[in-house]
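The values are calculated or read from the model by the stated rules, or taken from the named source; none is laboratory data. Bear in mind that the values here come from a model prediction, so they are computed numbers and not experimental data. Here the Cβ positions follow ideal geometry from the backbone for every residue, glycine too, while neighbour counts run over all protein chains shown. In case anyone asks, the SASA skips ligands and DNA or RNA and just uses the protein heavy atoms, side chains included. Shrake-Rupley method; radii C 1.70, N 1.55, O 1.52, S 1.80 Å.
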Amino acid sequence: MTDCLFCKIVAGTIPSNKLYEDDEFLVFHDIHPIAPVHFLLVPKLHVAGLSDCRLEHEDMLGRLLLLAPKLASASGLDGFRTMINTGRSGGQEVFHLHVHVFGGGQTLPKT
Ligand code: AMP
Ligand code: ZN
């Protein structure tokens, strides 16, 4: 996906404030954080969003979610919120699947 922002970040052609990387995922701090800690878990594989995931992505999605508490804990959070915006009407702006993790500071309001 040559025109995808997160593919470019994964490829290293656009810089990011990297928190974690392995063969399958890149995790970096959100450029416009809405909490004291706010990072994005991004699979290196280009999938546009959660609605584009299929059975073949099942294992990847499991590993993606399991990474969230590990990195939240490593970032000093004892609790955190996850968010996956899906589709334009779901608030998604970057059409490469990602999970927001945020926390720190005050207790987050109920949504
Ligand atoms: P979403 O609305 O779920 O698609 O979220 C996209 C997120 O990507 C937003 O929170 C943006 O602040 C964040 N973002 C956009 N460009 C960058 C970038 N170059 N580096 C880090 N985060 C970014
Ligand atoms: Zn992409």
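Scanning the range 32-85 for residues that are surrounded by fewer than 11 Cβ atoms within 10 Å (Cβ to Cβ) and in contact with a Ser or Thr (Cβ under 7 Å, 6 or more places away or on another chain) yields nothing.
Per-residue answers, yes or no, for (1) part of a loop (DSSP other than H, G, I, E, B); (2) within 9 Å of ligand 1 (Cβ to nearest atom); (3) farther than 18 Å from LEU61 by Cβ:
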{"site": "VAL10", "(1), (2), (3)": "no, no, no"}
{"site": "PRO15", "(1), (2), (3)": "yes, yes, yes"}
{"site": "ILE34", "(1), (2), (3)": "yes, yes, yes"}
{"site": "HIS38", "(1), (2), (3)": "no, yes, yes"}
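For beta carbons closer than 8 Å, sequence separation of 6+ or different chains, a first residue in the range 40-62 that is free of Cβ contacts under 8 Å to residues at least 40 places away in the same chain and over 23 Å from ALA11 (Cα atoms) and a second that is more than 9 Å from ligand 2 (Cβ to nearest atom) and part of a loop (DSSP other than H, G, I, E, B), the qualifying pairs are SER51/THR86; SER51/GLY87. Being of a type in the set (Phe, Trp, Tyr) and over 12 Å from the mean Cα position of the chain (by Cα) is a description that applies to PHE80. Of the residues making up the range 86-98, those that are more than 17 Å from ILE34 (Cβ to Cβ), open to solvent by 40 Å² or more (accessible area, probe 1.4 Å) and outside any helix (DSSP H, G or I) number 2.
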